[in-house]
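To keep things clear, I will list the structure first and then write my remarks on it.
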Amino acid sequence: MKHIVLSGPSGVGKSTIADRLIREGICERNISCTTRPRRVKEVRGVDYDFVSDSEFHEMVKRGEFVEVKEIFGHLYGTKLKRIQEAKKPLLFVVDVDGMLSLKNAHIPILTLFILPPSLDVLKTRLMRRGSNTMEEIDRRIERASYEMTKKDLYDKQVINDDLDVCYNKVKGFIESNEEFP
Ligand code: ADP
Ligand code: 5GP
């Protein structure tokens, strides 16, 4: 069984696409752990397991994570147990290093990189989402340019201009893979 990895710059539409894949029963969300504060629309245990810094460090010590990453000043980690117990393909929404760590850990994955039509459009989406300060948005845009240089490490690249078009390409790519599920 292959799992799915979605990566791409913050604000590109990963969560929007992920929600739809899950709603349509194509895969199940992998719930990462993070020390970042919960956003208004997010649900504890559904979007992330939100934990304190000390809880996170305890989990690291106990060897519970297959990969850990600090992003924008907060820690994120993927739990090994969730992968081992998965009955359906899991959907990982992780950064480039997360994807590479999963590969190094020999977790079978199909990888997709979502691209924005332009950095200007990306900035507009982040502003419209309203969950980051201008300073945070500027950091995300700066990081986006770097992340986009890694797109060729992925099995498939899809531009998220029109959401429906993008979603259908993502879904089509996943479902046409002979090792899926
Ligand atoms: P990410 O998970 O990659 O950080 P989100 O899914 O939170 O991104 O999307 C960021 C914002 O952009 C959200 O407000 C979302 O509704 C919006 N969005 C997503 N895809 C599109 C699109 N194709 N066109 C316009 N807005 C979009
Ligand atoms: P956000 O805080 O906007 O939800 O996510 C910020 C970044 O963290 C995104 O690029 C997202 O893909 C990445 N991310 C979320 N969970 C994990 C994880 O468990 N591991 C890694 N490596 N990255 C993650």
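The values are calculated or read from the model by the stated rules, or taken from the named source; none is laboratory data. The model shown is predicted, which means the values in this text are computed figures rather than measured ones. Virtual Cβ from ideal backbone geometry, glycine too; neighbours counted across all protein chains shown. Only protein heavy atoms, including side chains, enter the accessible area calculation; ligands, DNA and RNA are left aside. Shrake-Rupley method; radii C 1.70, N 1.55, O 1.52, S 1.80 Å.
Below, the figures for the structure above:
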{"item": "Matching residues in the stretch 1-47 - criterion: being within 11 Å of the chain's Cα centre (by Cα), in a strand (DSSP E or B) and not charged (D, E, K, R)", "result": "I4, V5, L6, S7, S32"}
{"item": "Residues that are within 12 Å of ligand 1 (Cβ to nearest atom), of a type outside the set (A, V, I, L, M) and touching a Gly at 6+ places or on another chain (Cβ under 9 Å), drawn from the stretch 129-162", "result": "R129, N132, R140, E147, N160"}
{"item": "Given (1) near ligand 2 (Cβ under 9 Å from one of its atoms); (2) at pLDDT below 95, index of the condition K81 fails", "result": "(1)"}
{"item": "Residues within the stretch 45-62 that are more than 10 Å from ligand 2 (Cβ to nearest atom) and at pLDDT below 95, tallied", "result": "2"}
{"item": "Lone unmet requirement of (1) of a type outside the set (F, W, Y); (2) surrounded by 12 or more Cβ atoms within 10 Å (Cβ to Cβ); (3) at positive phi for R38", "result": "(3)"}
{"item": "Residue tally, condition within 27 Å of P181 (Cα to Cα), away from ligand 1 (no atom under 16 Å from the Cβ), buried (at least 18 other Cβ atoms within 10 Å of the Cβ) and not acidic (D, E), over the stretch 41-67", "result": "2"}
{"item": "Candidate set: the stretch 68-80, residues that are open to solvent by 50 Å² or more (accessible area, probe 1.4 Å) and part of a strand (DSSP E or B); chosen: the one farthest from F180 (Cα to Cα)", "result": "H74"}
{"item": "Those residues of the stretch 96-140 which are open to solvent by less than 20 Å² (accessible area, probe 1.4 Å), of a type in the set (V, I, T) and part of a helix (DSSP H, G or I), in sequence order", "result": "V96, I137"}
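Rundown of residues vs (1) open to solvent by less than 50 Å² (accessible area, probe 1.4 Å); (2) in contact with a Pro (Cβ under 6 Å, 6 or more places away or on another chain); (3) within 16 Å of ligand 1 (Cβ to nearest atom), yes/no style:
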site	(1), (2), (3)
S7	yes, no, yes
D19	no, no, yes
R29	no, no, yes
K87	no, no, no
